[in-house]
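Data block below; observations after.
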Amino acid sequence: MSIVILAIETSCDETAVAVVEDGFRVLADVVHSQVPDHQKFGGVVPEVASRQHLEAVNPLLEEALSRAGMDWTGVHAVAVTYGPGLVGSLLVGVTAAKAAAFALDRPLIGVNHLEGHVYANFLTQTDLHFPLLALVVSGGHTDLVHMAGHGRFALLGCTRDDAAGEAFDKVARLLGLGYPGGPLIERAAAGCDPGAVSLPRAYLEPGSLDFSFSGLKTAAAKLKAQGLASGVIAAAFQRAVVDVLVDKTLAAAGRCGVRTVLLAGGVAANGLLRDELAARVEGAGLRFCCPPRHLCTDNAAMIGCAAYYRLLRGDLAGLDLNAVPGLPLGD
Ligand code: KG4
Ligand code: ZN
């Protein structure tokens, strides 16, 4: 018998609901983006986000079921992101999921948002072999994670200041490009020589797998003050971020002896990062995987996929599940 999971994701500024069968067949995947609501503020306003989730979540649940061609009775389990993220946003999803699980008398599964990003890879690749290394790059995180098996994560390195996506967003704002910054930096950089100006790359102490991006932001601001064109700064910035991400991922892969490297999170939608990491990983004789672009940014299909593997190992949540804004991934 197949297992159909209804998954809800509301950790930041996208309300998302998906219906996933057997961990990989996406029967419905709907995302309501709040970008227009936050654009005028130049970033996510937590109070606005939770109110928008509250308005969007019920209609989106109905829409997802209808797109999957089913009703509530076809749902075998309900999954939800319970952290990390904005507490008010997370609570909307967690409450909706608990209500659905209780009313349907079905299991409830709590999923870590970053775990979800990693599992976006399992939606399209069903033959991944452990151990794996994952680079998770989002608006809130820049993590190098070793994955020994399903649900077995160990953090090898993380950012000491800004996350990669946060750096994209901040630099886009100072260049006057708008929000969210990642895709706008990528567009502005297109056709510009990334070597026209040089920006610093923070490698930290020798052997460190941690990241630091805040110096890059300051350096970009200086170039802007000197009157350099936005496209040139965007190209140099993007190149500097990608260089450090790729170098450290390769170093981590070598150190822990994995055969497969996964890329995940919103910044994984970046073309230069996808291409460079693929070339370097494959050049080292390893296998490279990254989700299609629409599954890199926040969505609920990835939550449904991660939840499937939790369900298989009996890792269920109780109706006392709460939002955990600072939930870590692994040890
Ligand atoms: O994973 P995500 O959708 O939400 C969080 O969990 O934070 O990631 C959002 C981040 C934002 O910082 C956004 O600017 C960045 O991902 N992003 C990109 C691109 N698309 C989204 N960064 C670089 N290039 C892109 N094409
Ligand atoms: Zn995310």
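Could you pull out the trypsin sites (Lys or Arg not before Pro) across the range 255-331 that fall in loop regions by DSSP (anything but H, G, I, E, B) with no more than 16 other Cβ atoms inside 10 Å? List each step's numbers first, then the result.
Details: sites: Arg255, Arg259, Arg274, Arg280, Arg287, Arg293, Arg310, Arg313; in loops: Arg259, Arg313.
Those satisfying the criteria are Arg259, Arg313.
Taking a straight Cα-Cα cut-off under 13 Å and skipping sequence neighbours fewer than 8 places away in the same chain, the aspartates and glutamates within cross-link reach of Lys217 are Asp161, Asp162, Glu166, Asp169. Between Gln226 and His76, the distance separating the two model label sites (each 7 Å from Cα on the Cα→Cβ line) works out to 6.0 nm. Other residues within the sphere of radius under 12 Å centred on the Cβ of Ala97, judged by their own Cβ, net out at +1 (K and R +1, D and E -1). Around Thr260, what is the net charge, scoring Lys/Arg as +1 and Asp/Glu as -1 over all other residues with Cβ under 12 Å from its Cβ? In short, 0. Taking the chain as a Gaussian network of alpha-carbon nodes connected by springs under 10 Å, the highest mean-square fluctuation of the residues Thr126, Thr249, Thr142 belongs to Thr126. For the chain, what does the helix formula give at 222 nm: sum of -39500 (n - 2.57) over DSSP H segments with n ≥ 4, over the residue count, nearest 500 deg cm²/dmol? Result for the chain: -14000 deg cm²/dmol, rounded to the nearest 500. Normalised by residue number, the volume inside the convex hull of the Cα atoms of the range 49-198 is 185 Å³ per residue.
FRET efficiency for Thr218 and Ala196, Cβ-Cβ distance as r, R0 = 22 Å, nearest 0.05? The partial results should precede the final answer.
Values: r = 19 Å, r/R0 = 0.86.
Efficiency, from the Cβ-Cβ distance: 0.70.
Are there DSSP H segments in the chain that both extend 20 Å or more along their axis (alpha-carbon positions) and score a mean Kyte-Doolittle hydropathy of at least 1.0? List them, or say none. Membrane-span-like by this criterion, though nothing is claimed about a membrane: 87-104.
Among Met147, Met302, Met70, which one shows the highest mean-square fluctuation when the chain is modelled as a Gaussian network with alpha-carbon springs under 10 Å? The residue that fluctuates most here is Met70.
Taking other residues whose beta carbon is less than 12 angstrom from the beta carbon of Gly85, and scoring Lys, Arg as +1 and Asp, Glu as -1, yields -4.
Given a 10 angstrom Cα cut-off, can you work out which residue in Asn112, Asn121, Asn270 is the most mobile in a GNM of the chain? Per the Cα network of the chain with a 10 Å cutoff, Asn270 tops the list. Straight-line reach from Lys40: taking Cα to Cα under 17 Å and skipping same-chain neighbours fewer than 8 places apart, the lysines in range are Lys170.
Looking at the range 41-89, which chymotrypsin sites (Phe, Trp or Tyr not before Pro) are in a loop (DSSP not H, G, I, E or B) and have at most 16 other Cβ atoms within 10 Å?
On the way: sites: Phe41, Trp72, Tyr82; in loops: Phe41.
Those that pass, being in a loop and sparsely packed, are Phe41.
The trypsin sites (Lys or Arg not before Pro) of the range 1-107 that meet both conditions, a loop assignment by DSSP and at most 13 other Cβ atoms within 10 Å of the site Cβ, are Lys40.
Laboratory data are not the source of any read-out in this text; all were calculated from the coordinates shown. The model shown is predicted, which means the values in this text are computed figures rather than measured ones. Don't worry about glycine lacking a Cβ; one is built from the backbone with ideal geometry, like all the others, and counts go over all protein chains shown.
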